[in-house]
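Novice: First, the structure itself, so that you have it in front of you.
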Amino acid sequence: MPALAVSGLVVRYGDVTAVDGVSFTASAGEVLALLGPNGAGKTSTIEALEGYRRPAGGTVRVLGLDPVADATALVPQIGVMLQSGGVYPGMSSREVLGLFASYYDDPVPVDELLGRIGLDAVAGTAWRRLSGGEQQRLSLALALVGRPEVVFLDEPTSGIDPQGRLVIRDVVRSLRDAGVCVLLTTHELEEAERLADRVVIIDHGRVVADGTPDELRSMAGGADDVVRFGAPGGLDVVALGAALGGVAVVEERPGEYVVAAAPSPATVATLTAWLAEHDLPLADLRAGRQSLEDVFLRLTGDADA
């Protein structure tokens, strides 16, 4: 039995169909990233899984249970990390974790959890005085305190400093290793590429791709034998192509270029030398395979994940 099973899910708001026949599954010990442009139906899908929204059609099961009809049995087995809110602003990290721990029969010890997410030093600080990143980490701790079998993470690294980002990545990986199913949404596609075992991309309420990051990079139709780089928009791609030996250079999106040439040291050296000669900055350089962001934009045609 999969930990999550969504089949033909339909969610409507009046005459508007926000989710139109979405289907996917996720297993225990798997990190699934649900991606899509704003308005694609991600939030509505997750709300149906969490039991906050009743589907207009299709079926949704979490650990074999109906999130609405079986809410009493299901709620103790899931953890939900919200982007904001849900905490009394005057309570300290230790107090609010202690309160939430009291709701469960076998919670994770508060001090253990504070150490795990790196909040020991601010355990006595009121929520309203925590930084945005510290509040995010505490929200994650609240989702984990009940030892859930399924965890829903909504933008877990949003507003997090680099150190906190590493902490959250480690926590997500440890959850997977412990057999927990993790469903996350994120606008940071590099983060999804780092963390997810599998990715589901939805657009206009429908699934447009489902597979591992490697599978999606292969199925999206982009060539591997290319060099991708970022630079100011509007480069003379004809002149650059000539300097590279007569190859095609295409500006796929403003400031994002693809060179149809093998990513050899000679090609890269010529490219960087040409940019230096014209006093142009190099924003990034990726030889060979396209990134998950390239795939996402190719499939959805949207610059906003």
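The values are calculated or read from the model by the stated rules, or taken from the named source; none is laboratory data. Small disclaimer: the values here were computed from a predicted structure and weren't measured. Neighbour counts run over all protein chains shown; Cβ positions are idealised from the backbone, glycine included. Side chains are part of the model used for accessible areas, which takes the heavy atoms of the whole protein and leaves out ligands, DNA and RNA. Shrake-Rupley method; radii C 1.70, N 1.55, O 1.52, S 1.80 Å.
Novice: How many residues are outside any helix (DSSP H, G or I) and surrounded by 13 or more Cβ atoms within 10 Å (Cβ to Cβ) if we restrict to segment 110-130?
Specialist: Total satisfying the criteria: 7.
Novice: A further question on this structure: Within segment 148-164, work out how many residues are buried (at least 18 other Cβ atoms within 10 Å of the Cβ), within 15 Å of the chain's Cα centre (by Cα) and at pLDDT below 90.
Specialist: Total satisfying the criteria: 5.
Novice: Here's something else I'd like to know. Can you find a residue that is closer than 24 Å to LYS42 by Cα and charged (D, E, K, R) anywhere in segment 86-103?
Specialist: No, segment 86-103 contains no residue that is closer than 24 Å to LYS42 by Cα and charged (D, E, K, R).
Novice: Going by what's in this entry, would ASP197 be described as open to solvent by less than 60 Å² (accessible area, probe 1.4 Å), modelled with pLDDT of 95 or more and acidic (Asp, Glu)?
Specialist: Here the answer is yes, as ASP197 does meet what is asked.
Novice: Okay, moving on. Please determine whether any residue of segment 49-60 is of a type in the set (D, E, K, R), open to solvent by 50 Å² or more (accessible area, probe 1.4 Å), out of contact with any Gly (no Cβ under 8 Å at 6 or more places or on another chain) and closer than 18 Å to GLY205 by Cα.
Specialist: Within segment 49-60 (the criterion being of a type in the set (D, E, K, R), open to solvent by 50 Å² or more (accessible area, probe 1.4 Å), out of contact with any Gly (no Cβ under 8 Å at 6 or more places or on another chain) and closer than 18 Å to GLY205 by Cα), the answer is yes, since at least one residue qualifies.
Novice: Sticking with this one: Can you list the strands (runs of 3 or more DSSP E) lying wholly within segment 233-305 that have 3 or more residues being surrounded by fewer than 18 Cβ atoms within 10 Å (Cβ to Cβ)?
Specialist: Here the list reads 249-253, 284-287.
Novice: Is it true that ARG94 is among the basic types (Lys, Arg), under 29 Å from PHE24 (Cβ atoms) and either open to solvent by 40 Å² or more (accessible area, probe 1.4 Å) or out of contact with any helix residue (DSSP H, G or I) (no Cβ under 6 Å at 6 or more places or on another chain) (or both)?
Specialist: It is false that ARG94 is among the basic types (Lys, Arg), under 29 Å from PHE24 (Cβ atoms) and either open to solvent by 40 Å² or more (accessible area, probe 1.4 Å) or out of contact with any helix residue (DSSP H, G or I) (no Cβ under 6 Å at 6 or more places or on another chain) (or both).
Novice: What residue, of SER7, SER44, is part of a helix (DSSP H, G or I), more than 25 Å from ARG173 (Cα to Cα) and of a type in the set (S, T, N, Q)?
Specialist: SER44
Novice: Scan segment 169-210 for residues that are under 17 Å from ARG147 (Cα atoms), assigned to a strand (DSSP E or B) and among the β-branched types (Val, Ile, Thr) and jot them down.
Specialist: VAL182
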